[in-house]
Amino acid sequence: MAVGDRMFPMFQQLNQEELEALVDRAAALISVTQFHLGRALREIDRRETWMADGAKGIVEWTQTRCGYERRTARTVVETAEALELLPRLTEVVKSGAVSLDQASAASKLEQREDVELAELAQTHAPSALRRMAAATREPLPPESRRFSWGWIHDGAALRLSGRLPADEGQYVAAALDRLRDDVPPDPETGMFQPAEQRGADALVELASLSLQQDSDPDRATVVVHVDAKDLSAESESGSRLPPATLDRILCDSTLQAMVEAESGTVGIGRRSRVVPHGIRRALHSRDASCRFPGCARTRWTHAHHIREWVRDEGPTDLDNLVRLCGYHHRVIHRGWKIEGSPGGRLQWFRPDGRELTIGTGALPTDLHDRFIGVQAGPAP
Ligand SMILES: [Zn+2]
Ligand SMILES: [Zn+2]
(Lines give C-alpha, C1' and ligand atoms only; values in the text may rest on other atoms or scores of the structure.)
(Ligands and ions follow the chains in the order given, each with its own letter.)
Protein backbone atom coordinates (compact mmCIF):
# COMPACT_ATOMS: atom_id res chain seq x y z
CA MET A 1 0.00 0.00 0.00
CA ALA A 2 1.50 3.28 -1.04
CA VAL A 3 0.40 6.86 -0.49
CA GLY A 4 2.14 7.99 -3.64
CA ASP A 5 3.98 5.43 -5.75
CA ARG A 6 6.30 4.28 -2.96
CA MET A 7 5.81 1.71 -0.21
CA PHE A 8 5.57 3.12 3.29
CA PRO A 9 5.48 1.40 6.68
CA MET A 10 2.49 1.73 9.01
CA PHE A 11 2.85 3.47 12.37
CA GLN A 12 2.51 0.17 14.20
CA GLN A 13 5.58 -1.13 12.39
CA LEU A 14 7.84 1.72 13.56
CA ASN A 15 10.06 1.22 16.61
CA GLN A 16 10.21 3.87 19.38
CA GLU A 17 13.22 5.63 17.89
CA GLU A 18 11.60 5.86 14.47
CA LEU A 19 8.34 7.09 16.00
CA GLU A 20 10.11 9.86 17.92
CA ALA A 21 12.08 10.84 14.85
CA LEU A 22 8.78 11.14 13.00
CA VAL A 23 7.36 13.35 15.78
CA ASP A 24 10.42 15.62 15.62
CA ARG A 25 10.32 15.79 11.84
CA ALA A 26 6.59 16.48 11.68
CA ALA A 27 6.73 19.16 14.43
CA ALA A 28 9.75 20.88 12.84
CA LEU A 29 8.00 20.74 9.48
CA ILE A 30 4.94 22.41 11.00
CA SER A 31 7.13 25.15 12.53
CA VAL A 32 8.93 25.81 9.26
CA THR A 33 5.78 25.82 7.15
CA GLN A 34 3.94 28.02 9.66
CA PHE A 35 6.81 30.49 9.42
CA HIS A 36 6.55 30.61 5.63
CA LEU A 37 2.77 30.73 5.89
CA GLY A 38 3.15 33.80 8.12
CA ARG A 39 5.51 35.45 5.63
CA ALA A 40 3.11 34.85 2.76
CA LEU A 41 0.22 36.23 4.82
CA ARG A 42 2.20 39.36 5.68
CA GLU A 43 2.82 39.96 1.98
CA ILE A 44 -0.89 39.49 1.24
CA ASP A 45 -1.61 41.92 4.07
CA ARG A 46 0.74 44.51 2.55
CA ARG A 47 -1.03 44.16 -0.80
CA GLU A 48 -4.40 44.33 1.00
CA THR A 49 -5.80 41.77 -1.45
CA TRP A 50 -7.86 40.24 1.38
CA MET A 51 -10.22 43.17 0.86
CA ALA A 52 -11.37 41.76 -2.49
CA ASP A 53 -12.55 38.61 -0.68
CA GLY A 54 -14.82 40.63 1.61
CA ALA A 55 -12.66 39.96 4.68
CA LYS A 56 -12.26 42.58 7.38
CA GLY A 57 -8.54 42.00 7.68
CA ILE A 58 -5.73 39.53 7.13
CA VAL A 59 -6.58 37.54 10.28
CA GLU A 60 -10.15 36.97 9.19
CA TRP A 61 -9.05 36.16 5.65
CA THR A 62 -6.60 33.58 7.05
CA GLN A 63 -9.34 32.04 9.21
CA THR A 64 -11.50 31.45 6.15
CA ARG A 65 -8.73 30.48 3.76
CA CYS A 66 -6.92 28.07 6.08
CA GLY A 67 -9.87 26.90 8.19
CA TYR A 68 -8.21 28.18 11.39
CA GLU A 69 -9.64 29.35 14.69
CA ARG A 70 -9.20 33.09 15.16
CA ARG A 71 -6.48 32.54 17.78
CA THR A 72 -4.38 30.39 15.46
CA ALA A 73 -4.74 32.80 12.54
CA ARG A 74 -3.80 35.74 14.75
CA THR A 75 -0.77 33.99 16.20
CA VAL A 76 0.58 33.12 12.74
CA VAL A 77 0.11 36.67 11.42
CA GLU A 78 1.24 38.57 14.51
CA THR A 79 4.30 36.39 15.01
CA ALA A 80 5.33 36.88 11.39
CA GLU A 81 5.01 40.63 11.92
CA ALA A 82 7.07 40.58 15.14
CA LEU A 83 9.76 38.42 13.52
CA GLU A 84 10.38 41.02 10.82
CA LEU A 85 12.29 43.01 13.44
CA LEU A 86 14.06 40.01 15.01
CA PRO A 87 16.56 38.43 12.56
CA ARG A 88 18.21 36.03 15.07
CA LEU A 89 14.93 34.68 16.37
CA THR A 90 13.76 34.40 12.76
CA GLU A 91 16.75 32.19 11.93
CA VAL A 92 15.94 29.63 14.61
CA VAL A 93 12.24 29.66 13.72
CA LYS A 94 13.08 29.16 10.04
CA SER A 95 15.31 26.20 10.93
CA GLY A 96 12.37 24.44 12.59
CA ALA A 97 14.08 24.41 16.01
CA VAL A 98 11.50 26.72 17.59
CA SER A 99 7.72 26.27 17.43
CA LEU A 100 5.25 28.97 16.49
CA ASP A 101 4.05 29.07 20.12
CA GLN A 102 7.60 29.57 21.38
CA ALA A 103 8.33 32.24 18.78
CA SER A 104 5.08 34.04 19.59
CA ALA A 105 5.71 34.06 23.35
CA ALA A 106 9.38 35.03 22.96
CA SER A 107 8.56 37.91 20.62
CA LYS A 108 6.40 39.44 23.36
CA LEU A 109 9.26 39.66 25.86
CA GLU A 110 10.11 43.31 26.19
CA GLN A 111 13.54 44.85 26.72
CA ARG A 112 15.48 41.80 25.51
CA GLU A 113 17.98 41.57 22.74
CA ASP A 114 17.16 39.57 19.63
CA VAL A 115 20.04 37.14 20.36
CA GLU A 116 18.74 36.52 23.87
CA LEU A 117 15.22 35.89 22.55
CA ALA A 118 16.55 33.29 20.10
CA GLU A 119 18.27 31.52 23.00
CA LEU A 120 15.27 31.70 25.35
CA ALA A 121 12.86 30.47 22.67
CA GLN A 122 14.95 27.33 22.10
CA THR A 123 15.24 26.47 25.77
CA HIS A 124 11.87 27.43 27.29
CA ALA A 125 8.28 26.25 26.97
CA PRO A 126 5.75 28.82 25.70
CA SER A 127 4.08 28.98 29.14
CA ALA A 128 7.42 29.78 30.82
CA LEU A 129 8.06 32.53 28.27
CA ARG A 130 4.59 33.97 28.88
CA ARG A 131 5.20 34.00 32.65
CA MET A 132 8.47 35.85 32.07
CA ALA A 133 6.65 38.48 30.03
CA ALA A 134 3.92 38.90 32.65
CA ALA A 135 6.47 39.27 35.47
CA THR A 136 8.09 42.29 33.84
CA ARG A 137 4.84 44.24 33.61
CA GLU A 138 3.72 46.40 36.53
CA PRO A 139 -0.03 46.25 37.18
CA LEU A 140 -1.84 49.55 37.70
CA PRO A 141 -3.41 49.83 41.21
CA PRO A 142 -7.25 50.05 41.24
CA GLU A 143 -7.17 53.52 42.86
CA SER A 144 -5.63 54.89 39.70
CA ARG A 145 -8.79 54.29 37.67
CA ARG A 146 -10.44 57.43 36.36
CA PHE A 147 -12.64 58.58 33.51
CA SER A 148 -14.09 61.96 32.75
CA TRP A 149 -15.86 63.70 29.91
CA GLY A 150 -16.96 67.25 29.23
CA TRP A 151 -18.11 69.56 26.47
CA ILE A 152 -15.53 71.81 24.88
CA HIS A 153 -15.57 74.54 22.17
CA ASP A 154 -18.91 75.86 23.48
CA GLY A 155 -20.56 72.47 23.15
CA ALA A 156 -19.22 71.72 19.67
CA ALA A 157 -17.32 68.63 20.82
CA LEU A 158 -17.14 66.14 23.66
CA ARG A 159 -13.73 65.48 25.15
CA LEU A 160 -13.01 62.18 26.93
CA SER A 161 -10.04 61.05 28.95
CA GLY A 162 -9.16 58.42 31.49
CA ARG A 163 -7.38 55.17 32.25
CA LEU A 164 -8.30 51.77 33.67
CA PRO A 165 -6.32 48.97 35.33
CA ALA A 166 -5.69 46.07 32.93
CA ASP A 167 -8.33 43.69 34.30
CA GLU A 168 -11.16 46.20 33.95
CA GLY A 169 -9.71 47.81 30.86
CA GLN A 170 -9.92 44.47 29.08
CA TYR A 171 -13.72 44.61 29.04
CA VAL A 172 -13.76 48.08 27.58
CA ALA A 173 -11.03 47.30 25.05
CA ALA A 174 -12.73 44.06 23.97
CA ALA A 175 -16.04 45.85 23.37
CA LEU A 176 -14.42 48.74 21.49
CA ASP A 177 -12.07 46.48 19.50
CA ARG A 178 -14.98 44.43 18.27
CA LEU A 179 -17.01 47.47 17.24
CA ARG A 180 -14.04 49.19 15.63
CA ASP A 181 -13.26 46.05 13.62
CA ASP A 182 -16.83 46.17 12.34
CA VAL A 183 -16.37 49.62 10.84
CA PRO A 184 -16.01 48.86 7.11
CA PRO A 185 -13.67 50.51 4.63
CA ASP A 186 -14.90 53.62 2.84
CA PRO A 187 -17.13 52.25 0.05
CA GLU A 188 -15.90 54.92 -2.37
CA THR A 189 -12.18 54.35 -1.98
CA GLY A 190 -12.13 50.82 -0.57
CA MET A 191 -9.67 52.11 2.02
CA PHE A 192 -10.11 51.96 5.78
CA GLN A 193 -10.31 55.23 7.69
CA PRO A 194 -7.52 55.78 10.23
CA ALA A 195 -7.83 53.57 13.34
CA GLU A 196 -8.50 56.62 15.54
CA GLN A 197 -11.54 57.59 13.49
CA ARG A 198 -12.89 54.04 13.47
CA GLY A 199 -12.26 53.99 17.24
CA ALA A 200 -14.42 57.10 17.62
CA ASP A 201 -17.17 55.42 15.55
CA ALA A 202 -16.90 52.39 17.84
CA LEU A 203 -17.46 54.48 20.95
CA VAL A 204 -20.54 56.14 19.45
CA GLU A 205 -21.82 52.71 18.44
CA LEU A 206 -21.25 51.41 21.98
CA ALA A 207 -23.23 54.31 23.43
CA SER A 208 -26.13 53.96 21.00
CA LEU A 209 -26.26 50.19 21.58
CA SER A 210 -26.49 50.82 25.29
CA LEU A 211 -29.37 53.28 24.77
CA GLN A 212 -31.21 50.84 22.55
CA GLN A 213 -30.88 47.85 24.82
CA ASP A 214 -34.57 47.59 25.64
CA SER A 215 -35.60 47.23 21.99
CA ASP A 216 -34.83 44.47 19.49
CA PRO A 217 -31.11 44.99 18.81
CA ASP A 218 -31.59 43.73 15.23
CA ARG A 219 -33.73 46.71 14.37
CA ALA A 220 -32.17 50.02 15.28
CA THR A 221 -33.93 52.70 13.30
CA VAL A 222 -32.17 55.43 11.38
CA VAL A 223 -34.21 57.61 9.05
CA VAL A 224 -32.88 58.29 5.57
CA HIS A 225 -34.62 60.66 3.13
CA VAL A 226 -35.05 59.28 -0.37
CA ASP A 227 -35.84 61.38 -3.43
CA ALA A 228 -38.84 59.73 -5.09
CA LYS A 229 -37.85 60.99 -8.57
CA ASP A 230 -34.68 59.02 -9.10
CA LEU A 231 -34.39 56.97 -5.93
CA SER A 232 -31.13 58.66 -5.07
CA ALA A 233 -30.83 59.51 -1.44
CA GLU A 234 -29.56 61.93 1.13
CA SER A 235 -28.89 61.03 4.73
CA GLU A 236 -30.31 63.24 7.46
CA SER A 237 -27.02 65.07 7.64
CA GLY A 238 -27.56 66.03 3.99
CA SER A 239 -24.75 63.98 2.48
CA ARG A 240 -25.41 62.17 -0.81
CA LEU A 241 -25.67 58.37 -0.55
CA PRO A 242 -24.09 56.16 -3.23
CA PRO A 243 -26.51 53.70 -4.98
CA ALA A 244 -25.01 50.64 -3.23
CA THR A 245 -25.72 52.23 0.14
CA LEU A 246 -29.30 52.95 -0.87
CA ASP A 247 -29.83 49.34 -2.00
CA ARG A 248 -28.58 48.13 1.35
CA ILE A 249 -30.86 50.51 3.23
CA LEU A 250 -33.83 49.34 1.19
CA CYS A 251 -32.84 45.72 1.79
CA ASP A 252 -33.86 45.50 5.44
CA SER A 253 -35.83 47.49 7.94
CA THR A 254 -32.76 48.17 10.03
CA LEU A 255 -32.81 51.57 8.36
CA GLN A 256 -35.98 53.40 7.35
CA ALA A 257 -36.23 55.16 4.01
CA MET A 258 -38.51 58.20 3.83
CA VAL A 259 -39.51 58.53 0.18
CA GLU A 260 -39.88 62.20 -0.67
CA ALA A 261 -41.46 64.09 -3.56
CA GLU A 262 -41.37 67.85 -4.05
CA SER A 263 -44.59 68.16 -2.06
CA GLY A 264 -42.89 66.58 0.93
CA THR A 265 -42.65 63.10 2.42
CA VAL A 266 -44.95 60.67 0.60
CA GLY A 267 -44.28 57.39 2.31
CA ILE A 268 -41.96 55.13 4.23
CA GLY A 269 -40.19 52.99 1.62
CA ARG A 270 -42.23 50.16 0.13
CA ARG A 271 -43.62 48.41 3.15
CA SER A 272 -43.37 44.88 1.80
CA ARG A 273 -39.56 45.01 1.84
CA VAL A 274 -39.76 44.95 5.63
CA VAL A 275 -39.12 41.42 6.81
CA PRO A 276 -42.05 40.40 9.04
CA HIS A 277 -41.28 38.91 12.43
CA GLY A 278 -42.38 35.40 11.46
CA ILE A 279 -40.08 35.29 8.45
CA ARG A 280 -37.25 36.83 10.45
CA ARG A 281 -37.65 34.14 13.11
CA ALA A 282 -37.61 31.43 10.42
CA LEU A 283 -34.54 33.07 8.85
CA HIS A 284 -32.72 33.05 12.18
CA SER A 285 -33.55 29.43 12.80
CA ARG A 286 -32.30 28.47 9.32
CA ASP A 287 -29.22 30.76 9.35
CA ALA A 288 -27.66 30.42 12.80
CA SER A 289 -25.29 33.31 12.03
CA CYS A 290 -24.09 35.54 9.19
CA ARG A 291 -23.85 33.28 6.12
CA PHE A 292 -20.81 34.98 4.57
CA PRO A 293 -18.06 32.33 4.27
CA GLY A 294 -16.02 32.22 7.46
CA CYS A 295 -18.20 34.67 9.40
CA ALA A 296 -20.03 33.57 12.55
CA ARG A 297 -21.54 36.84 13.80
CA THR A 298 -24.98 36.50 15.35
CA ARG A 299 -25.60 40.01 16.71
CA TRP A 300 -27.00 42.95 14.76
CA THR A 301 -27.57 40.90 11.66
CA HIS A 302 -29.67 41.97 8.67
CA ALA A 303 -31.94 40.09 6.28
CA HIS A 304 -30.45 40.51 2.79
CA HIS A 305 -32.54 40.08 -0.36
CA ILE A 306 -30.48 37.89 -2.73
CA ARG A 307 -32.46 39.29 -5.65
CA GLU A 308 -32.72 42.92 -4.70
CA TRP A 309 -36.11 44.16 -3.72
CA VAL A 310 -36.09 47.44 -5.63
CA ARG A 311 -34.04 46.80 -8.75
CA ASP A 312 -34.67 43.06 -9.33
CA GLU A 313 -38.12 42.89 -7.73
CA GLY A 314 -36.91 40.12 -5.45
CA PRO A 315 -39.59 38.90 -3.04
CA THR A 316 -39.38 39.08 0.75
CA ASP A 317 -39.54 35.27 0.98
CA LEU A 318 -37.34 32.98 3.00
CA ASP A 319 -36.02 31.55 -0.31
CA ASN A 320 -34.75 34.99 -1.30
CA LEU A 321 -33.36 36.05 2.08
CA VAL A 322 -30.04 35.39 3.67
CA ARG A 323 -28.80 36.47 7.09
CA LEU A 324 -25.77 38.78 7.00
CA CYS A 325 -23.95 40.78 9.63
CA GLY A 326 -23.83 44.56 9.13
CA TYR A 327 -20.28 44.43 7.81
CA HIS A 328 -20.88 41.72 5.23
CA HIS A 329 -24.18 43.28 4.25
CA ARG A 330 -22.21 46.37 3.19
CA VAL A 331 -19.66 44.17 1.41
CA ILE A 332 -22.31 42.29 -0.59
CA HIS A 333 -23.91 45.52 -1.76
CA ARG A 334 -20.66 46.63 -3.34
CA GLY A 335 -21.21 44.43 -6.39
CA TRP A 336 -21.05 40.88 -5.01
CA LYS A 337 -23.43 38.19 -6.30
CA ILE A 338 -24.86 35.28 -4.34
CA GLU A 339 -26.03 32.17 -6.19
CA GLY A 340 -27.58 28.91 -5.08
CA SER A 341 -30.31 28.12 -2.61
CA PRO A 342 -30.30 29.83 0.78
CA GLY A 343 -31.70 26.60 2.24
CA GLY A 344 -28.63 24.74 1.02
CA ARG A 345 -25.27 25.63 -0.49
CA LEU A 346 -24.57 29.20 -1.55
CA GLN A 347 -21.87 30.43 -3.91
CA TRP A 348 -20.33 33.86 -3.42
CA PHE A 349 -18.93 35.84 -6.35
CA ARG A 350 -16.69 38.88 -6.04
CA PRO A 351 -17.37 42.02 -8.06
CA ASP A 352 -14.76 40.83 -10.62
CA GLY A 353 -16.77 37.61 -11.11
CA ARG A 354 -14.37 35.23 -9.36
CA GLU A 355 -15.90 32.83 -6.85
CA LEU A 356 -14.78 33.06 -3.22
CA THR A 357 -13.51 29.58 -2.39
CA ILE A 358 -12.81 28.24 1.07
CA GLY A 359 -10.08 25.93 2.30
CA THR A 360 -6.58 24.99 1.23
CA GLY A 361 -7.13 21.72 -0.66
CA ALA A 362 -5.14 18.57 0.15
CA LEU A 363 -1.34 18.36 0.42
CA PRO A 364 0.03 17.18 -2.97
CA THR A 365 1.08 13.52 -2.93
CA ASP A 366 4.75 14.18 -3.79
CA LEU A 367 5.10 16.51 -0.78
CA HIS A 368 3.34 14.00 1.43
CA ASP A 369 5.71 11.23 0.33
CA ARG A 370 8.79 13.39 0.69
CA PHE A 371 8.10 14.90 4.11
CA ILE A 372 5.88 12.44 5.93
CA GLY A 373 6.89 9.05 4.53
CA VAL A 374 4.54 6.90 6.55
CA GLN A 375 1.01 5.74 5.88
CA ALA A 376 -1.62 6.46 8.47
CA GLY A 377 -3.85 3.42 7.88
CA PRO A 378 -6.76 2.74 10.20
CA ALA A 379 -6.15 3.33 13.94
CA PRO A 380 -5.70 -0.04 15.72
ZN1 LIG B 1 -28.99 43.57 1.26
ZN1 LIG C 1 -20.56 38.51 8.48
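The values are calculated or read from the model by the stated rules, or taken from the named source; none is laboratory data. The model shown is predicted, which means the values in this text are computed figures rather than measured ones. Here Cβ is always computed from backbone atoms with ideal geometry, including for glycine, and neighbour counts include all displayed protein chains.
Assorted remarks:
- You will find that of Leu367, Leu283, the residue that is in a helix (DSSP H, G or I) and within 30 Å of Thr33 (Cα to Cα) is Leu367 and no other.
- Among the residues of region 60-69, some residue qualifies, meaning at least one is exposed (fewer than 13 other Cβ atoms within 10 Å of the Cβ) and closer than 18 Å to Pro293 by Cβ.
- Qualifying residue in region 75-91 (condition: in contact (Cβ under 8 Å) with a residue 60 or more places away in the chain and either surrounded by 15 or more Cβ atoms within 10 Å (Cβ to Cβ) or outside any helix (DSSP H, G or I) (or both)): no
- In this entry, Gln12 is excluded by the filter for residues that are in contact (Cβ under 8 Å) with a residue 12 or more places away in the chain, of a type in the set (S, T, N, Q) and in contact with a helix residue (DSSP H, G or I) (Cβ under 6 Å, 6 or more places away or on another chain).
- Residue selected from region 314-324 under the condition crowded, with 22+ Cβ neighbours inside 10 Å and touching a residue at least 40 places away in the same chain (Cβ under 8 Å), by the criterion nearest to ligand 2 (Cβ to nearest atom): Arg323
- One residue stands out among those in region 276-305 that are β-branched (Val, Ile, Thr) and surrounded by fewer than 19 Cβ atoms within 10 Å (Cβ to Cβ): the one that is farthest from ligand 1 (Cβ to nearest atom), which is Thr298.
- Selection within region 45-60 - within 17 Å of Phe349 (Cβ to Cβ) and assigned to a helix (DSSP H, G or I): Thr49, Trp50, Met51, Ala52, Asp53
- Scanning region 308-321 for residues that are within 14 Å of ligand 1 (Cβ to nearest atom) and modelled with pLDDT under 85 turns up Glu308, Trp309, Val310, Arg311, Asp312, Gly314, Pro315, Thr316.
- Of the residues making up region 254-277, at least one is within 16 Å of ligand 2 (Cβ to nearest atom) and either under 27 Å from the mean Cα position of the chain (by Cα) or modelled with pLDDT under 50 (or both).
- Residue count, region 285-297 (criterion: within 10 Å of ligand 2 (Cβ to nearest atom), farther than 14 Å from Ile332 by Cα and touching a residue at least 24 places away in the same chain (Cβ under 8 Å)): 3
- Boolean, Val331 is aliphatic (A, V, I, L, M) and more than 16 Å from ligand 2 (Cβ to nearest atom): no
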